[in-house]
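Taking it in order: structure first as structure tokens, then the write-up.
The values are calculated or read from the model by the stated rules, or taken from the named source; none is laboratory data. On a predicted model such as this, the values are computed, not experimentally measured, just so you know. FYI the Cβ positions are ideal-geometry reconstructions off the backbone, even for glycines, and counts take in every protein chain you see.
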Amino acid sequence: MAINLETVKNVIPNKNLFKKIAAVTFSILVFVVSFMVINNANQAAKDTVSVLRVKTEDGIPARSVITEDDIEEYNLIRKEFSEDMVRVENKEKIINKFTKYYLRNSSVLFKDQLLDEKPLKNEWLYELDTEHEVVTIPYNYLEAGGDILTPGDRVRIRVSYEVEGGGGVSGNPNVMTYATSNKTMRTEVLFDSIVVKDMLNANSHSIYEVYKEVMKLPENQKQEVMKSEDFLENIKPKSLVLEGTRDQINNYAKYKSLEGKSFLITILQRQEGNIVLDQLPTLEKEVESWIEKEQK
């Protein structure tokens with residue numbers, strides 16, 4: 001039988017064959033890429049840096065001496081390593097140093113978390129200007145900003161006191177005189193602007209130091225303490241610790257012994273970075289963590 005050449009030329013190749021070839025090619029490509037990714041990952045996992053991390057289950061409290069039992073070696077993938085971490089070869093250099101704040105269990109040690117010397121209590125006193133002095137004055141917590149006012153804030157303080165006679169009108173715009181049925185009162189600016197360096201509770205203890213002591217505790221103990229009535233009572237201020245010039249303190253001394261005096265304290269514009277308690281973990285974040293745990 002004769003073959004029709006025109007019919008042979010018009011034969012279309014099997015489409016399924018093309019699909020099979022494409023599928024095999026794609027599978028090979030996926031295999032090659034996967035192999036390269038896994039191989040690179042294995043290589044990266046082998047490329048590690050030995051650093052130090054916290055070994056103790058309860059972590060290391062703030063302002064504590066670091067001992068050899070507190071830390072352990074940990075291999076970190078190089079891409080996760082940063083130069084401010086403490087390498088294993090520097091272990092002897094950090095033994096007997098002090099922690100700045102509480103360090104969690106299994107957290108990697110960083111150089112800026114450590115101090116050569118134990119942090120001082122009320123360290124700001126050591127940085128006090130030689131021409132400045134510190135004075136403590138009582139104040140009404142509810143009338144002076146409540147829990148808004150914190151160490152580092154600047155305040156303006158006015159003093160009101162009784163004067164004999166009519167008092168007259170003063171030419172000083174910072175002095176106001178007014179009369180009631182039985183007495184004449186004068187109000188003037190005692191401190192136009194003065195820094196609150198700390199606050200004292202009812203036991204005359206530094207509130208800033210109370211916060212710092214609590215922050216030294218392990219996380220579970222810290223949260224328990226910060227929810228307690230004792231803690232809330234201990235951070236309620238009864239007095240202000242103010243830093244001022246000699247003239248400012250002398251001016252305060254003139255009114256300290258007056259009978260019937262009262263102080264009006266107002267808060268001035270806050271400057272970012274000057275608030276002492278901003279340097280510590282905030283109570284707000286602690287409360288948020290309690291809420292999240294209760295909701296789970």
## Note on the structure
Taking the range 228-252 and keeping residues surrounded by fewer than 13 Cβ atoms within 10 Å (Cβ to Cβ) and modelled with pLDDT of 90 or more leaves Arg246, Asp247, Asn250
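For (1) loosely packed, with under 13 Cβ neighbours inside 10 Å; (2) outside any strand (DSSP E or B), each residue gets a yes or a no:
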site: Asn96; (1), (2): yes, yes
site: Ser106; (1), (2): no, yes
site: Pro119; (1), (2): no, yes
site: Tyr126; (1), (2): yes, yes
site: Thr130; (1), (2): yes, yes
site: Glu133; (1), (2): no, no
site: Leu142; (1), (2): yes, yes
site: Arg156; (1), (2): no, no
site: Glu162; (1), (2): no, no
### Query
Can you find even one residue in the range 250-257 that is among the basic types (Lys, Arg) and touching a residue at least 24 places away in the same chain (Cβ under 8 Å)?
no
